[in-house]
Amino acid sequence: MIYLKKANPEDLEREWLFVREMPEDENGLSNTWPNVSRVDFESKALPSMLRFAEGRSLPEGYVPETFFFLWKDDEIVGQFRLRHYLCESLRVGAGHIGYIIAKPFRRQGLGTEGLRLTLEEAHRMVPEEEIYLRVNRNNPASLHVMLCNGGRIVSQDEGHYYVRIANPGKGRYPSVTEAREILAEAEQCNPGPWGNHSRTAAHCAERIAIRCGMCPDKAYVLGLLHDIGRKFGKRHLGHISDGYSYMMRLNYPDAARICLTHSFNEMRIEGYAGNFDTTEDETALIRAKLNEVVPDDYDLLIQLCDAISGAEGVMDIIERMSDVKRRYGAYDQGKWNRNLELKALFENRMHMDVYEAVEKDRFHT
Ligand SMILES: [Fe+2]
């Protein structure tokens, strides 16, 4: 079986053996750790990969990058790296994705399959309309891999071809203008403070995204639509399945996903702060979809923004959670703690107090 797995401490032994054997530079993909010792891999190389994936402590001018290994059964056969978005040097240079297949495994279609799997990840993460790639002119095998995955050559220079692949992930949520219209129309169906709460969440998500290397438009739209299920009436848990189904009907799966994940920062239905007023089918839908999702940065971001957004503006996270607790009579302790963790997580990434980032004292809906 061929599959992609993020670099992780559990697979340390095999990851080390693979990275140790990778050349320092081959066809433009550099390896900072050729011949790395087991001790250095564990204490330096792997932690640096994990930091890069989270966008923590990046060197000046770098963007977040996730390191994947391509596995064939229980053996690592390649490495794929995904840069989360483009900066100017990547736009005219290496692009979003770099990869290498180990020599003994070349010419077996593994590069094509590995790139296909990496593109699936890219569709969820990359905000640009196309995935950018670059390949050396003297590497026809790798060019073939890109073309097999829908790539087209858009330019070339002495040493390289520049290839782009459409990103269908872009467009899995509406534009800012359309999202505003969807929210305004929904408010007419069920007026209430939830509309302005959503606008505050959108504002917060946008401000934090800008400082975390995430796409500000995507963050804004997802913040605006996370509670869109409220269009269909005053429901508690029901607003989640209503929102999910509504966004799926409009063919916006990323927005649908946020309708689902924003209320479950521990990814379990039991942590919901409110009444369980869903039908059996709706509950089953929520459970099934929650099981499928591995939370990404946007899920985490909207969970945090939901916890600091009031109808008039930004709220202190403790005040807002206490307010929900007062209204519903209880607040799951795990969910409470997790919200504080999320606040710390994004503050670490921004190197900034979250209230300062979202202009708590200045922003009003
Ligand atoms: Fe909300």
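The values are calculated or read from the model by the stated rules, or taken from the named source; none is laboratory data. If you're wondering where the values come from, they're calculated on a predicted model, not measured in any experiment. Please note: Cβ atoms are built from the backbone with ideal geometry, for glycine as well, and neighbour counts cover all protein chains shown. Note: areas computed on protein heavy atoms with side chains; ligands, DNA, RNA excluded. Shrake-Rupley method; radii C 1.70, N 1.55, O 1.52, S 1.80 Å.
Here are a few things to note about the model shown:
- Accessible area of D297 in the full protein assembly, 1.4 Å probe (Å², nearest 10): 50 Å²
- For K231, the aspartates and glutamates whose Cα comes closer than 19 Å to its Cα, not counting residues fewer than 8 places off in the same chain, are E178, E181, E185, E187, D242, D254, D277, E282, D306.
- Cα centroid separation - the stretch 7-62 against the stretch 249-313, whole Å: 34 Å
- Cα convex hull, the chain: 149 Å³ per residue, rounded to a whole number.
- Highest to lowest packing among 192-203, 116-127, scored as the average C-beta count within 10 Å: 192-203, 116-127
- The fraction of accessible area contributed by carbon and sulfur in the stretch 278-358 is 47 percent, rounded to a whole number (1.4 Å probe; ligands and nucleic acids excluded).
- Computed E for R56/D157 - FRET, C-beta separation, R0 35 angstrom, nearest 0.05: 0.55
- Environment charge at H197 (Cβ cut-off 12 Å; Lys +1, Arg +1, Asp -1, Glu -1): -2
- 1.4 Å probe accessible area per residue over the chain, in Å²: 47 Å²
- Based on DSSP H segments of at least four residues, each scored -39500 (n - 2.57), the chain has a per-residue ellipticity at 222 nm of -14000 deg cm²/dmol.
- The stretch 156-218: GluC sites (Glu not before Pro) in DSSP loop, at most 13 other beta carbons within 10 Å: E158
- Members of K103/K218; K72/K218; K335/K360 lying beyond 28 Å, as alpha-carbon distances in this model show: K103/K218; K72/K218
- Counting only protein chain heavy atoms and rolling a 1.4 Å probe, the accessible areas of M350, M1 rank, largest first, as M1, M350.
- The equivalent ellipsoid of the stretch 2-129 has semi-axes of 21, 19, 14 Å, largest first, where each one is the square root of 5 times an eigenvalue of the Cα gyration tensor.
- With respect to the chain, whose longest principal axis is taken over its alpha-carbon atoms, helix 194-212 is tilted by about 30°.
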